[in-house]
Each structure stands twice: as structure tokens, then as C-alpha cells.
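Here, each number is a calculation from the coordinates, and none is a lab measurement. What you see is a predicted model, and the numbers here were worked out from it, not measured in a lab. Positions of Cβ are backbone-derived with ideal geometry, glycine not excepted, and every protein chain shown enters the neighbour counts.
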Amino acid sequence: MKNHAALITGASGGIGLEIAKLLALDHSHLVLADIRQEALENACSSIRSLAPDCEIIPLVLDLAQTGAAEQVFSHPSLQELEIGTLVNNAGFGTFGLFQETNWEKESRMLQLHVLTLTHLTKLVLPGMIARKQGRILNVASVAGFQPSPLMAVYNASKAYVLSFSEALANEVKGTGVSVTVLCPGLTPTGFQARVGVGKPEMTANKWISSSADFVARKAIADLKKGKTVSIPGRINYLLANAHRFLPRNTVTAMVRKVQEKNRSFLKKGP
Ligand SMILES: NC(=O)c1ccc[n+]([C@@H]2O[C@H](COP(=O)([O-])OP(=O)(O)OC[C@H]3O[C@@H](n4cnc5c(N)ncnc54)[C@H](OP(=O)(O)O)[C@@H]3O)[C@@H](O)[C@H]2O)c1
């Protein structure tokens, strides 16, 4: 596929890097956008060793800034390329009571999860529709299926990604383009350290956590099938659907109990 590129955000580590490794096998070019140069260079080297024929274009930029999507899309190194696959993966979480959390961090998260993801999709989609070919993978979370006290803004932002992607998947039916929304559960990556929760024994528990490699394989399999909602792991599938059978305020209260446990752990330390 000459000049057929996959554009992946947040590809330096975790789920994004595993997705990039798999997409490198199917695309002539990978465009990887992430915030830290050194981490991105390391990611490029590890992908190159797996897929030497794939040309990798690293873009170092802060995707939580206004205008970031336009900056990526209009980058000179992308002008000769057709974006065949777009993966909106970059993201991070915040934890704590909304009245106490840091607004700067939260507003950057909203910019990244909501505005950059939506704008990048808007910029890439018309070309895909004109070529009658393309795949979009938006990374939400099982968190998108229910509200979470102590992670109110994170869960709400992932509910946006889920709702937006499901609606868009319906709109593009029959155009040759598909939209898939990936909803992982607990996956040990850099995410836990950044958000400040995730006990080592919890992330190591094979019943509730999946590896980033497993999540990426499920995502790419579902992306290729054109499936709309992709949930890796049976427990996560149950978690994502259990709320349907309970009153909404009961679900919110149950999630609060789990998060209060995380908070008491944070206060005590590991
Ligand atoms: N891990 C989980 O349990 C889990 C569960 C459900 C959903 N998710 C979602 O999965 C996606 C990938 O997360 P992950 O678990 O793979 O975490 P990760 O290992 O921290 O990877 C996220 C990547 O995005 C980058 N990034 C963060 N902010 C950015 C910005 N402003 N501009 C450019 N790049 C930025 C990170 O860079 P830095 O390392 O420099 O921050 C990192 O390389 C996220 O959307 C997350 O919400 C994760």
C-alpha cells in the first residue's frame, strides 16, 4: 500500500505503542504523535526492529494544546500521505474530589480527549470518505459506560468519546469508512503512575487486568472487522454492561465505593 499511512496519537508507550507495532505490519508509513521526544525515539526504534520496511514519522507535540489537531494534519511530512488509519489514543487521567482537583490538568485532559480527538477526526474523515476507504479507532474506556465519583471528569470525557464514536460509526455506514471505539479496562501502563492510582497487586491481578499487547490485538482485530464497540476481556465486557440492569444512582454509588478504596490506599501509600 504505497503512501498508505496510519496516524497514532500517544504512541510512545502503553496501548498506543502496541497498536503501532501491529499497524506497522500493514502500512507503508506510520505517523506517531506524542509529547516526549526521547520516549518517542525509543518507540520508533522498537517498531523499526519489528517492521523495517515501514517508514516512521515521529511528531513531537503537546496534543492537549489548542490547535494541536491542525498542527498534526497540516505537518509538511504528511502532505504526500493518505491517512488510511487514524488512532486517537493519547490520554491520561486525574483522581480526586472535583472540588480539590487541579483545573489546569483537567482542562488539558478535556482538550486532549474531547477537542483534539474530535478535530483530528474531522480533518481526516473527508479524505477517507472521498477514497471510500479508512478506519478510525478512538480509545475510550470501560470508564465511559458509567459515572465515577473521584474520577468525574475522566469518566465523563470517556463517555463523550464513546457516544461520539458510536454516532459517527452510524453516520459513515456504507461509505467504506468504519469507526471503532476501544474500551479497555485496567491495563498496566504509564497511565496508573500518572493518575496516581493502581496498586501493584491490583494491576498484576490477571482476572481484572489485561496486558497492553492483549488490548491492542483485540482492538486491531475489531478494527479490521469494522466492529463499533471493542471491549477487551470478558470481565470488562460484564463491567461495561452490568449498569444496564441497575438504577443509575446505584451504579454511581457502587463506583464511589471502589474509588474510596483507591483514595484510602493513596493516603496510606503503597
Ligand atoms: N491503562 C489503562 O488502565 C486504561 C484503561 C482504559 C483506557 N485507557 C486509555 O488508553 C489510552 C492510552 O493510555 P495508556 O494506558 O497506554 O497510557 P500511557 O502508557 O500513559 O500512554 C499514553 C500516551 O499518551 C501520551 N500523552 C499524554 N498526554 C499527551 C499530550 N498532551 N500530547 C501528546 N501525547 C500525550 C503519553 O505521554 P507521557 O507518557 O509523556 O504522558 C503516553 O505516551 C488513554 O486514552 C487512556 O485513557 C487506559
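Some notes on this structure:
- Between the residues PRO149, THR9, ILE56, the greatest Cα displacement towards the positive end of the dipole of the chain, with unit charges on the Cβ of Lys, Arg, Asp and Glu, is found for PRO149.
- Measuring between their Cα centroids, the stretch 177-195 and the stretch 113-129 lie 19 Å from each other.
- Principal-axis tilt of helix 117-131 within the chain, Cα atoms, nearest 10 degrees: 40 degrees
- Ordering of 241-254, 219-232 by packing [mean C-beta count within 10 Å, highest first]: 219-232, 241-254
- Two-decimal log10 I(q)/I(0) for the stretch 51-202, as the Debye equation yields it once each C-alpha is a single scatterer, q = 0.19 Å⁻¹: -1.23
- Inter-label distance, GLN133 to PHE214: 3.4 nm, where each label sits 7 Å from its Cα along the C-beta direction.
- One chain, two ends: LEU61 and SER45. Fully extended at 0.36 nm per residue, the span grows by 3.9 nm beyond their Cα-Cα distance.
- Peptides 45-53, 26-34, 116-124, 69-77 ordered by packing proxy, namely the average of other Cβ atoms within 10 Å per residue, highest first: 26-34, 116-124, 69-77, 45-53.
- One chain, two ends: LYS122 and ARG244. Fully extended at 0.36 nm per residue, the span grows by 40.8 nm beyond their Cα-Cα distance.
- Per residue, the Cα convex hull of the chain amounts to 126 Å³.
- Extension gain, PHE98-ALA193: 0.36 nm per intervening residue step, less the Cα-Cα distance, totals 32.3 nm.
- The chain: angle of helix 37-50 to the longest principal axis, Cα-based, in degrees nearest 10: 60 degrees
- Calculated on the alpha-carbon coordinates, the convex hull of the stretch 145-263 measures out at 116 cubic angstrom per residue.
- Positive-end extreme of charge dipole, the stretch 1-158 - chosen from LEU30, LEU78, MET128 (charges on Cβ): MET128
- Using a Förster distance of 22 Å, the FRET efficiency for ILE235-ASP26 (Cβ separation, nearest 0.05): 0.15
- Ranking of LYS261, LYS218 by count of other Cβ atoms within 10 Å, fewest first: LYS261, LYS218
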